[in-house]
Ligand code: SF4
Ligand code: MG
């Protein structure tokens, strides 16, 4: 069985010292080993951005795609070879700006791909512009007087779009992040894992210390129930999205692959969900 070291290659990442993306790379390698994969069972597909380089830094099949298009490529890889474990990865600009249409449709399609977003609330590769995840008032070269746009709450968006696995973590918390990636890989449908991954060079607001002061870990929330979609939404709203851990999982929903393969799984009926809390929670 492969160890996490066998998922390393000889290429030295050219990320800035201290960049959060190093830990995400390490967590993917550990999770891949922990779930029993071999390098030739895994494909890592990435978009464009500092974080998009990650597909070149892991000893597995890799494809560095074009901006915002990691998910269409990753879904194509999965459709072509359903036995591969497919991880898509990229940054917040990549997945939640130009790639947002793909993100929403991959979520509702529930295809068996694990999407790991390295969210640093800024465009790092292009030297620091405001992203869809930047807070109101955030000053960069593109918003010198402070951003007037609201930051997108991606975890709430994912729940609304029908996600069956929604998780968030912090690159400093390697243990939690590795565990969530393992759970995401083992989840039979689409899993979205958003990772607070600080850009130490251009984002001087959302720093490691800032996250440590502002994050609530769901493992510290008494009796948090990740199978309850309504609780997940309420908890996100209460904490302005700044929670880490497994936020929501529905293991009952068949994956896209299962439905296409003609397995004996029937699609769930989706009716009157907005008015029926019991049905909403079971979805
Ligand atoms: Fe990481 Fe920011 Fe440096 Fe890019 S610019 S490698 S996101 S620290
Ligand atoms: Mg970014």
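Where a number appears in this text, it was derived from the coordinates with a stated rule and is not lab data. Quick caveat: nothing in here was measured; it's all calculated off a predicted structure. Cβ: placed from backbone, ideal geometry, glycine included. Neighbour counts: every protein chain shown.
Taking only DSSP H segments of four or more residues, each worth -39500 (n - 2.57), what value at 222 nm results for the chain once the sum is divided by all its residues, to the nearest 500 deg cm²/dmol? Computed mean residue ellipticity for the chain: -8500 deg cm²/dmol.
Computed from Cα atoms alone, the Kirkwood hydrodynamic radius reported for the chain is 18.9 Å. Normalised by the number of residues in region 1-128, the average gap of Cα pairs under 8 Å and 6 or more apart makes the relative contact order 23 percent.
Computed from label points 7 Å out along Cα-Cβ, the spacing between residue 210 and residue 10 is 4.0 nm. Taking the centroid of alpha carbons for each part, region 173-252 and region 68-108 are 19 Å apart.
Length, then width, then depth: along the principal axes, the Cα atoms of region 1-130 run 43, 37, 19 Å. Mean separation of Cα pairs under 8 Å and 6 or more residues apart, divided by the residue count, gives the chain a relative contact order of 17 percent.
Pop the C-beta distance of residue 35 and residue 145 into the FRET formula with R0 = 51 Å and round what comes out to the nearest 0.05. Once rounded, the FRET efficiency stands at 0.60. Rounded, prolate or oblate: pick one for region 67-209, where a ≥ b ≥ c are the square roots of the eigenvalues of its C-alpha gyration tensor, a/c under 1.5 means rounded, and failing that, prolate if a/b is larger than b/c, else oblate. Prolate, because a/c is 1.5 or more and a/b exceeds b/c. Two numbers describe the Cα atoms of region 77-140: Rg and Dmax, which are 14.1, 46 Å. Is region 122-181 rounded, prolate or oblate when judged by the Cα gyration tensor, a ≥ b ≥ c being the square roots of its eigenvalues, rounded requiring a/c under 1.5 and prolate requiring a/b larger than b/c? It is oblate, given that a/c is not under 1.5 and a/b is not larger than b/c.
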